Amino acid sequence: MASERVLSLRAVNRALLARQLLLDRPRLPASGPGRAAQVVQAVEHLVGLQAQAPFPPYYGLHSRLGGFLPEDLAALITDRSVVRIALMRGTIHLVSARDCLPLRRLVQPVIERGMRGAFGKRLAGVDPGELAVAGRRLVEAEPMSFAQLGHALAAQWPDHPPAALAQGVRTYVPLVQVPPRAVWGRAGQSRHTSAEHWLGQRRPSGEPGYPAPAADPAELARLVTRYLGAFGPATVRDVQAWSGLTGLKAVLEQLRPSLVTFRDEQGAELFDLPGAPRPGEETPVPVRLVAEFDNLLLSHAERARVVSPEATRRLYTINGVIPGSVLIDGFVAGMWRLTRRRDQAAVTIEMFGPVRRLDTARRDALAAEAERVLAFGAPGVAHDVRFVPLTGS
């Protein structure tokens, strides 16, 4: 194991951006099967994209992959190469079909902990295994919304709230959202079926699917190393904040001989993969417009590596919506939003601080990024890019 050295905040920032494909933007092949494979590869490298809203993953991939088009992801959702399912931190993520069930098995304790806190008392007396079997039978017969599922389950458990029953099934059965939900250019309510049914992966005969098998320690170690590959260098607390899992200090201690360690400027120990990219702190960073709900901003206990405490107070709203963010020199410096009308679309960039502080080069670079977003998200109409100061700046 290499001797420890201190990584500055800017060095940690550059390492994160490099691994998030935001430092250099890989370009997709113009055509052919390699194009779809490279999109799936990016999704897997990132260990999924947060996706509680249907379309931020499209913009998340667009910010990271040159030449990416909406139909690239829409086709993968339709042909079941990627799926949307509750995973890390109990939130909906878009992940590959290969990752779906292995990741769900690992974070199952997180899903169950969230259910107990929100609906546990309302499901008192309901046998989890029986609920899993009944719910699985219903959603595998026909994909259902949670309202439909709860109503159907209430026939068997009339003394329990339908919403709680549906959330119980979501907890005990890995449910994926099916198209047309989240397919670009289409609309549809959230309807669910089991991941095994959707992906054609059979469970052992007679197995109800609950309780889920205990996580294999080797699989848990691979999860941690994948996190470091996409989000490192990181502390134990960072890995736990991203996954929602606890007790990962022991996993990192087991991995320690195969890792390198550093200290951040506050003295916290950072774990990392020996061969992972760690660009120098003076590495230039292009301006970027990062998607809503992007895991870049949500996957560390200590988020100062990309967003300052002051910017955090402006960025994280009370209604839980994480807006699109503006990166300048690698750090969040504002917010952006895309609005559409019938014959016009605009990207509005709200800066933290007076807009006049933007030098000409950065303003031009941001305008070019905004035009790129408009060409992606609103082709065929007139475009406008607006710079405004955030209210109160």
Could you please tell me which pairs satisfy a Cβ distance under 9 Å, a separation of 6+ or placement on different chains, a first residue in the range 1-23 that is closer than 24 Å to GLU369 by Cα and among the small types (Gly, Ala, Ser), and a second residue that is part of a helix (DSSP H, G or I) and at pLDDT 95 or above? ALA15/ARG305
Six or more apart or on different chains, Cβ under 6 Å: which pairs go from a residue in the range 110-134 that's of a type in the set (S, T, N, Q) to one that's part of a helix (DSSP H, G or I)? Could you list them? none
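What residue, of SER31, SER63, SER8, SER96, is open to solvent by 40 Å² or more (accessible area, probe 1.4 Å) and hydroxyl-bearing (Ser, Thr, Tyr)?
SER31
Residues checked against (1) open to solvent by 50 Å² or more (accessible area, probe 1.4 Å); (2) of a type in the set (Phe, Trp, Tyr); (3) part of a helix (DSSP H, G or I); (4) at pLDDT below 95:
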{"site": "ARG186", "(1), (2), (3), (4)": "yes, no, no, yes"}
{"site": "ALA215", "(1), (2), (3), (4)": "no, no, no, yes"}
{"site": "LEU223", "(1), (2), (3), (4)": "no, no, yes, no"}
{"site": "ALA241", "(1), (2), (3), (4)": "no, no, yes, no"}
{"site": "LEU252", "(1), (2), (3), (4)": "no, no, yes, no"}
{"site": "LEU255", "(1), (2), (3), (4)": "no, no, yes, no"}
{"site": "THR261", "(1), (2), (3), (4)": "no, no, no, no"}
Consider the range 1-56. How many of its residues are more than 27 Å from ARG186 (Cα to Cα) and of a type in the set (A, V, I, L, M)? 14
From the residues in the range 41-84 that are in a strand (DSSP E or B) and not aliphatic (A, V, I, L, M), which one is farthest from GLU369 (Cα to Cα)? ARG84
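For the range 43-58, name all the residues that are buried (at least 19 other Cβ atoms within 10 Å of the Cβ) and either closer than 18 Å to LEU17 by Cβ or out of contact with any Pro (no Cβ under 7 Å at 6 or more places or on another chain) (or both).
Across the range 43-58, the qualifying residues are VAL43, LEU46, VAL47, GLY48, LEU49, GLN50, PRO54, PRO56, PRO57.
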Search result, residues across the range 340-387 that are among the aliphatic types (A, V, I, L, M), over 24 Å from ARG314 (Cα atoms) and at pLDDT 95 or above: ALA345, ALA368, LEU374, ALA375, ALA378, VAL381, ALA382
When the range 139-151 is checked residue by residue, the ones that are buried (at least 21 other Cβ atoms within 10 Å of the Cβ) and more than 14 Å from GLU196 (Cα to Cα) are MET144, LEU149, GLY150
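Would you say VAL176 is hydrophobic (A, V, I, L, M, F, W, C), out of contact with any Asp or Glu (no Cβ under 7 Å at 6 or more places or on another chain) and not in a helix (DSSP H, G or I)?
yes
The values are calculated or read from the model by the stated rules, or taken from the named source; none is laboratory data. Just so it is clear, the structure is predicted and the values come from calculations on it, not from any experiment. Neighbour counts run over all protein chains shown; Cβ positions are idealised from the backbone, glycine included. Surface accessibility is based on the protein's heavy atoms, side chains included, excluding ligands, DNA and RNA. Shrake-Rupley method; radii C 1.70, N 1.55, O 1.52, S 1.80 Å.
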